1. In segment 591-609, is there at least one residue being open to solvent by less than 10 Å² (accessible area, probe 1.4 Å) and within 16 Å of ligand 1 (Cβ to nearest atom)?
2. For segment 284-306, which positions are within 15 Å of ligand 1 (Cβ to nearest atom) and of a type in the set (Asp, Glu)?
3. Tell me, yes or no, whether segment 271-292 has at least one residue that is within 16 Å of ligand 2 (Cβ to nearest atom), outside any helix (DSSP H, G or I) and within 30 Å of Met524 (Cβ to Cβ).
4. With the requirement that a residue be assigned to a loop (DSSP other than H, G, I, E, B) and not basic (Lys, Arg), what does segment 436-461 give you?
5. For segment 72-107, give me each residue that is without any contact (Cβ under 8 Å) to a residue 40 or more places away in the chain and not in a strand (DSSP E or B).
6. Which one of the conditions (1) at positive phi; (2) in contact with a Leu (Cβ under 7 Å, 6 or more places away or on another chain) does Gly291 fail to meet, given that it meets all the rest?
Amino acid sequence: MNVAVRDLKIKTPIEFLRGVGPARAAILRSDLNIHTFEDLLGHYPYRYFDRSEILSINQINEQSEWIQLIGTITNIGEEGDGPKRRLLATLYDQTGRIELLWFQGRAHVKKTLQDGVKYLVFGKVSFFNGRANIAHPEIELYNQDINLLGRQPVYSSTQKLISRGITNRSFSKLTQALFQSIKPEDIPEFLPERVRQNFNLLPRAAALAGIHFPQSEEELNNAIHRLKWEELFASQLMIALVRQQHAAQVGWKFERVGAFFNDFYNNHLPFQLTNAQQRVVREIRKDTLSGRQMNRLLQGDVGSGKTIVALMCALLAIDNGFQACIMAPTEILARQHYDSVRSLLQEIDIQVGLLTGTVKGKERKAALSGIADGSIALVIGTHAMIEDSVQYKNLGLAVIDEQHRFGVSQRAKLWKKNTIPPHILVMTATPIPRTLAMTLYGDLEVSVIDELPPGRKEILTLHRLENQRARVMQFLKSEIEKGRQVYIVYPLIEESEKLDYESLLAGYEQVRIWFPEHQYKVAMVHGRQAAEERQRNMDRFIKGEANILVATTVIEVGVNVPNASVMVVESAERFGLSQLHQLRGRVGRGAEQSYCILLTGEKIGEDSRQRMKIMCESSNGFYIAEQDLHLRGGGDLYGTRQSGALKFKLADILKDSAIMEETRIAAQQVAANDPQLQQPEHQCLNSLLDNSGQQSYWSKIS
Ligand code: ADP
Ligand code: MG
């Protein structure tokens, strides 16, 4: 009960904090999602400014950011019209002068500024026409006793907040007021005493005080460490609990290795499985015999042969009287899987169904009824397969290809497709660094195909500049003459979609000029085509009727045309490393020497140059993924920024891998001893999970 009362204090609406009030509260809520005292505590400074450091004005340069100056104010006056109306003042010291300006709150500032008086000024420098200025500086009268010790926290803010007078300084004042109005005991502790002791972590109240008002470097570091630890622990604990639930989840038993599997394995397998493929099939076989639900991630580099593994597992399910489904992220991929599976199963009496967004009318009806009555044993498609309207007779296994496009919620939907949830096999070609895997797929068991089928030739990767284009095109002609096919890939990203389409179409026109109609056949696929048209063009390339496929990244995943041995990536500097690696995986699938040519402009940034270099040097997906992580930082990994599983305020899953390992062990111990979090000492963990946002993310699947 005591706890509840204390919790109440921290949950006080923010408008009741001294210095806030309804108007400011409304902006804090809308702009920064700060609703309560607790939320304000969680609005951490993102950096600190050393207040003892005073610059002289001539030390300001293009690199300057947050600075502190002492100078005299003069030339106070207003300028400009409408929204550009601004209050200007000049600040000078012995070394120079700089402009200060205010767009908002001018009347108030003007009243308080005094000409010819010395001020202490703090703010962020920007440059306009080569001249430095500071907009909306924090400014106070300078006198000898002013406290210049300690660090000034810098908080992220918005224009709107600043215009309402909520500056960086006010954040400090508000947090100060907050700490004055509560006691340390009012701040709930989220970590059990024992865990804190074992890992030598500050109490939560001390850590929060320390991050907002650090008195020393050491205190700040300890505070940040404790709060990062808490974040990563919340994530790892949630994952450990979900894992416990998976482990307790009853699953279908595939007891028999029956006629379908054996017939296929003995008579129709077009090649010998690699050792890695065999091992993975055995691992899956063991899972599906255990009586528990399988939740497994199959990781294997592009071209390592995951599809055949998925197919064999599907046969296993069908042998045991179940249906199986294979879900691909795009229409094109789904159809390609469908075609290749059908040809592999030609001699075997299994009905394969296709269900995607473009399967409509009669065809769709037939598919749906076959899926419902069980006559279709193997369903291949896109996420259209998991819509609520699709009823399976007896789904026993679901394979999700190229997982990084699917989130936890899609997996969760699959669970509901049978009375006992089907076994789940997630396949991904994106090699994921360990810490990322631990966070995104921590609830899954992992299998790895770490071996490519024999006879693959190394792909030769070259970086070429725009001024070498003619030679590149000449090279393509000579390869086409030898009977090979060529991909030409254009970047397409959401943020500049319109422009990207324009350059794709312009690029296509260029290609048509280099490769005239009467001699060469060129197909084009992109996301703005109707699905049928896209499929028709794709088919022309797959069947070898087109020499060249001009494409956006729709071909990034999975497409398999062994005769296509050359890939040109246009504006390659705009692609991430992992994406380039995925793309490159489309070639090197046949017996011929394959090439990947990365075309860029002559002037590219150092980062881009580095990426091209890595691509030319390595074809190892894991190495490339690690390098990618190093170059990009933890910000946006493989487009996973949106993933709720990765929402950390302080922790960085690359740099904080040591903390992550610690929290993982601690989380596993807690989950094993007390999977319901019922012990009194673990009560605080429920608040931790509630508070972290991890709960709402993972709850979909549990
Ligand atoms: P990915 O793992 O990228 O999905 P695929 O399953 O598409 O790879 O396989 C890539 C190519 O390798 C396909 O043409 C497939 O038929 C072939 N393949 C798969 N396994 C083997 C093997 N053991 N030996 C020879 N070729 C194989
Ligand atoms: Mg694949």
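1. Here is the first cut: in segment 591-609, the ones open to solvent by less than 10 Å² (accessible area, probe 1.4 Å) are 594, 596-600.
Okay, now just the ones that are also within 16 Å of ligand 1 (Cβ to nearest atom), so 594, 596.
Taking every residue of segment 591-609 in turn, at least one turns out to be open to solvent by less than 10 Å² (accessible area, probe 1.4 Å) and within 16 Å of ligand 1 (Cβ to nearest atom).
2. Asp301
3. Looking through segment 271-292, none of the residues is within 16 Å of ligand 2 (Cβ to nearest atom), outside any helix (DSSP H, G or I) and within 30 Å of Met524 (Cβ to Cβ).
4. First, pick out the residues of segment 436-461 that are assigned to a loop (DSSP other than H, G, I, E, B): 441-444, 450-459.
Once the filter is applied, which keeps residues that are assigned to a loop (DSSP other than H, G, I, E, B) and not basic (Lys, Arg), segment 436-461 yields Tyr441, Gly442, Asp443, Leu444, Asp450, Glu451, Leu452, Pro453, Pro454, Gly455, Glu458, Ile459.
5. Gly80, Asp81, Gly82, Pro83, Lys84, Arg85, Asp93, Gln94, Thr95, Arg106, Ala107
6. Condition not satisfied by Gly291: (2).
For every residue, the table says whether it meets (1) more than 16 Å from ligand 1 (Cβ to nearest atom); (2) among the hydrophobic types (A, V, I, L, M, F, W, C); (3) under 20 Å from Glu479 (Cα atoms).
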{"residue": "Ile513", "(1), (2), (3)": "yes, yes, yes"}
{"residue": "His518", "(1), (2), (3)": "yes, no, yes"}
{"residue": "Glu532", "(1), (2), (3)": "yes, no, no"}
{"residue": "Gln535", "(1), (2), (3)": "yes, no, no"}
{"residue": "Lys543", "(1), (2), (3)": "no, no, yes"}
{"residue": "Asn547", "(1), (2), (3)": "yes, no, yes"}
{"residue": "Asn560", "(1), (2), (3)": "no, no, yes"}
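Table: residues versus (1) under 28 Å from Val302 (Cβ atoms); (2) touching a strand residue (DSSP E or B) at 6+ places or on another chain (Cβ under 8 Å); (3) within 16 Å of ligand 2 (Cβ to nearest atom); (4) at pLDDT 90 or above.
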{"site": "Gly370", "(1), (2), (3), (4)": "no, yes, no, yes"}
{"site": "Met385", "(1), (2), (3), (4)": "yes, yes, no, yes"}
{"site": "Val408", "(1), (2), (3), (4)": "yes, no, no, no"}
{"site": "Asn418", "(1), (2), (3), (4)": "no, yes, no, no"}
{"site": "Lys457", "(1), (2), (3), (4)": "yes, no, no, no"}
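The values are calculated or read from the model by the stated rules, or taken from the named source; none is laboratory data. Note that the structure is predicted; figures quoted are calculated from it, not measured. Every residue, glycine among them, receives a Cβ derived from its backbone with ideal geometry; neighbour counts consider all protein chains shown. Side chains are part of the model used for accessible areas, which takes the heavy atoms of the whole protein and leaves out ligands, DNA and RNA. Shrake-Rupley method; radii C 1.70, N 1.55, O 1.52, S 1.80 Å.
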